[in-house]
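Below is one structure, written out as structure tokens; comments come after it.
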Amino acid sequence: MINDILLSSNKAKGKRPYFLENPEVERVMNITMAVAMELGVMHERLDTIERLLEQKGVLQRSEIEAFEPNNEEIIERQLWHARYIARILRIVQQELEALQQDPEHNLSMEEVANRLRNS
Amino acid sequence: MATPVNLPPVHNKLAKHAVFPHFDHDETARYNFLTNLNKHLSTVISPGNKIAFEQRVKPKFKAENGREIETRDELEVAMLNDPHFQTWSALRRSTMEMRQQAGRATVLRQAEELAQKVATLNAQKPDSLILNDTVQVPHYMTLFDSHIMPGSYHTEQFPGDVSNAASYDSGLFVTSAGMLGKYTDGGGKALTTWLKATYPNFNPKRILDMGCGLGHNTLPLATAFPDAEVIGIDTGVPMLRYGHARAVALGIENVKFMQLDATQTGFENEAFDWIQTTMFLHETSTHAMQRLVAEIYRMLRPNGLSLHIEQPQYTPEMSMFEQYIRDWDALYNNEPFWGAMHDVDVRQWMMSAGFEEKNLLQFGAKAENDMEYPRNPNAQEVEDHGRSPIWNVFGAWKK
């Protein structure tokens, strides 16, 4: 059996050109575009579900537009957003924490290793 | 509903023949996203290259060098330093790679099933698929993977694998923004429509399509001339296997697929009334092109016709900027002969083999798209240089 997961992302023969000044940025752009695609895919799936539900008389899509969450639902939904955003922007939060940390709590592991070796 | 722009069709509109890979909901959506992304890049972001060139690249070069940009190479260096061109190029490359990945992810998960379906269909008509494992893939085709399709036209993951052909068949839709029709045959159809209207008495009995790939533009020739014997040749075995099964599935009887090198086919002299290449020459080499034209001339019967479909040639009338933008695929989408091929004086090329100047011909063709989907006839279309299904057709009669 072939490993279709690995093979799907094979590189083509021939050197890959990088266009941005900084290849790291271009790498992130590529990852971001792939994630953007998956969001588009998710949106299309949700659109299908909404249309099927409407066709089957389960709901009217106008009800989705008009939906007003109650207080309990507001908390659940806003909590989801808060957690979601925190996950995405984790690294920014961590860089900020590093700035504020006692330098002794932000040592490189080489430094710690040296200290451990010598003490 | 009125739309402010001309939207591409959805991938669901492609016709599903018996060997067409199965697309699940999200795989279809992935191609829809990429089709729209291509459309956005070509209509919104790509035009910015001209603006950046005029407003930023040209003045900067002049300030630094005291003169205008004089060559395509100078233009290339200057453009590669422009932030807009960099962004567009990085996005376009990324889009091409995502299209390959999405296609591969779809076909490889069902590769064994596809191979089985193809084998079953091919067994129904074994005489019209003629493989010959002594025919080599040209050396230059093995140096790089054409249009960054990993494995190119010839690689198999296992004996009988056709996954790259299936990915190609289902994915041309994405790069052409759905403009090639339900069977991706808009090029072949445009060609036969023109031919029948212009030369109604031309009734070829034997037709050769060189570098036919999976035959998506070969089948319209067979359909348009049902009494003719049509032969498609290629060195990419998975393409031939898949293409033949596809033709069987579509019920097209008068077509054969053969594993042959177009530069040395082994066909007898004066064997064909019409010899066609469709988007093939730019995937060869200077040396191969010389051998091809000699081989074409040798194989054509008197009063036979040779035609070639490519993107427009880089003539002196075409601006250097447009030539460079059209060359993007050569440099950055693994079509390395693209630029050199479009620089060739094709009239001289044909005459070098014996065609006479008075018998040369040239016309423009636009893909016939038989898909039914909402179009906005008033929308402003911006040409996607190098990708538009608007072609240059050139050729010659052998008198």
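The values are calculated or read from the model by the stated rules, or taken from the named source; none is laboratory data. Nothing here was measured: the structure is a model prediction, and the numbers come from that model. Every residue, glycine as well, gets a Cβ built from its backbone with ideal geometry; the counts of neighbours run over all protein chains shown.
Taking the conditions (1) in contact (Cβ under 8 Å) with a residue 40 or more places away in the chain; (2) more than 21 Å from B:Ile325 (Cβ to Cβ) in turn, B:Ala29 satisfies each one other than (1).
Do the conditions hold for B:Asn36, that is, is it buried (at least 19 other Cβ atoms within 10 Å of the Cβ), over 18 Å from A:Glu21 (Cβ atoms) and either facing chain A (nearest Cβ under 9 Å) or among the basic types (Lys, Arg) (or both)? Against the criterion (buried (at least 19 other Cβ atoms within 10 Å of the Cβ), over 18 Å from A:Glu21 (Cβ atoms) and either facing chain A (nearest Cβ under 9 Å) or among the basic types (Lys, Arg) (or both)), B:Asn36 does not qualify.
Exactly one residue out of B:Pro316, B:Pro302 is at negative phi, out of contact with any Gly (no Cβ under 7 Å at 6 or more places or on another chain) and part of a loop (DSSP other than H, G, I, E, B), and it is B:Pro316. Residues in segment B:320-348 that are over 15 Å from the mean Cα position of the chain (by Cα), farther than 24 Å from B:Pro47 by Cα and surrounded by 19 or more Cβ atoms within 10 Å (Cβ to Cβ): B:Val346 alone.
For B:Leu80, the criteria (1) under 30 Å from B:Ala166 (Cβ atoms); (2) in contact with a Phe, Trp or Tyr (Cβ under 9 Å, 6 or more places away or on another chain) hold in every case but one, which is (1).
On the stretch given as segment A:9-50, residues that are assigned to a helix (DSSP H, G or I) and at the interface with chain B (Cβ under 7 Å from one of its Cβ atoms) total 11.
Screening the candidates B:Phe85, B:Phe61 for the property of being in a helix (DSSP H, G or I), over 18 Å from B:Met239 (Cα atoms) and more than 13 Å from every other protein chain (Cβ to nearest Cβ) yields one hit, B:Phe61. Contact map, segment B:243-255: first residue within 21 Å of B:Met210 (Cβ to Cβ), second residue acidic (Asp, Glu) and not in a helix (DSSP H, G or I), Cβ cut-off under 9 Å, separation 6 or more or different chains; pairs are B:Gly243/B:Asp234; B:Ala247/B:Glu253; B:Asn254/B:Asp227; B:Asn254/B:Glu229; B:Val255/B:Asp209; B:Val255/B:Glu229.
Of the set (1) within 30 Å of B:Ala29 (Cβ to Cβ); (2) surrounded by fewer than 10 Cβ atoms within 10 Å (Cβ to Cβ), all apply to A:Glu72 but (1). Checking A:Asn70, A:Asn10 one by one, the residue that is at pLDDT below 95 and touching a Gly at 6+ places or on another chain (Cβ under 9 Å) is A:Asn10 and no other.
Only one entry of B:Tyr153, B:Tyr168 meets the criterion of being among the hydroxyl-bearing types (Ser, Thr, Tyr) and in a loop (DSSP other than H, G, I, E, B), and that entry is B:Tyr153.
Of the residues that make up segment B:70-78, is at least one under 24 Å from A:Ile5 (Cα atoms), in contact (Cβ under 8 Å) with a residue 24 or more places away in the chain and either facing another protein chain (nearest Cβ under 8 Å) or in contact with a helix residue (DSSP H, G or I) (Cβ under 6 Å, 6 or more places away or on another chain) (or both)? Within segment B:70-78, not a single residue is under 24 Å from A:Ile5 (Cα atoms), in contact (Cβ under 8 Å) with a residue 24 or more places away in the chain and either facing another protein chain (nearest Cβ under 8 Å) or in contact with a helix residue (DSSP H, G or I) (Cβ under 6 Å, 6 or more places away or on another chain) (or both). Reported count of residues in segment B:260-278, each being among the polar types (S, T, N, Q) and either out of contact with any Gly (no Cβ under 9 Å at 6 or more places or on another chain) or surrounded by fewer than 21 Cβ atoms within 10 Å (Cβ to Cβ) (or both), is 4. Under the condition of being surrounded by 10 or more Cβ atoms within 10 Å (Cβ to Cβ) and polar (S, T, N, Q), which residue from segment A:95-119 is farthest from the chain's Cα centre (by Cα)? Top of the filtered list is A:Asn114. Scanning segment B:12-21 for residues that are touching a helix residue (DSSP H, G or I) at 6+ places or on another chain (Cβ under 8 Å) and either within 14 Å of another protein chain (Cβ to nearest Cβ) or free of Cβ contacts under 8 Å to residues at least 24 places away in the same chain (or both) yields B:Asn12, B:Pro21. Might you let me know whether segment A:51-59 holds any residue that is within 14 Å of chain B (Cβ to nearest Cβ), of a type outside the set (Ser, Thr, Tyr) and either touching an Asp or Glu at 6+ places or on another chain (Cβ under 8 Å) or surrounded by 10 or more Cβ atoms within 10 Å (Cβ to Cβ) (or both)? Yes, the conditions are met somewhere in segment A:51-59.
Counting only residues that are more than 29 Å from B:Asn254 (Cα to Cα) and part of a loop (DSSP other than H, G, I, E, B), which one in segment B:89-137 is farthest from the other protein chains (Cβ to nearest Cβ)? Please lay out each step first, then the result.
Step one: of segment B:89-137, the residues more than 29 Å from B:Asn254 (Cα to Cα) are B:89-106, B:108-110.
Right, trim to part of a loop (DSSP other than H, G, I, E, B) and you get B:109-110.
On the way: B:Arg109: 5, B:Gln110: 9 Å.
That would be B:Gln110.
Are any of the residues in segment B:157-165 at negative phi, at pLDDT 95 or above and surrounded by fewer than 17 Cβ atoms within 10 Å (Cβ to Cβ)?
First, the residues of segment B:157-165 that are at negative phi: B:157-159, B:161-165.
Add one more test, that the residue is at pLDDT 95 or above, and what stays is B:157-159, B:161-165.
Okay, now just the ones that are also surrounded by fewer than 17 Cβ atoms within 10 Å (Cβ to Cβ), so B:158-159.
Checked against the condition, which is being at negative phi, at pLDDT 95 or above and surrounded by fewer than 17 Cβ atoms within 10 Å (Cβ to Cβ), segment B:157-165 yields at least one hit.
Screening B:His11, B:His22, B:His17 for residues that are over 30 Å from B:Pro316 (Cα atoms), at pLDDT 95 or above and touching a Ser or Thr at 6+ places or on another chain (Cβ under 9 Å) leaves exactly one candidate, B:His22.
Figure legend. Inter-residue proximity from segment B:328-347: first residues more than 14 Å from chain A (Cβ to nearest Cβ) and in a helix (DSSP H, G or I), second residues among the charged types (D, E, K, R) and surrounded by 21 or more Cβ atoms within 10 Å (Cβ to Cβ), beta-carbon distance below 6 Å, spacing 6+ or different chains. Indicated pairs: B:Gly339/B:Asp327.
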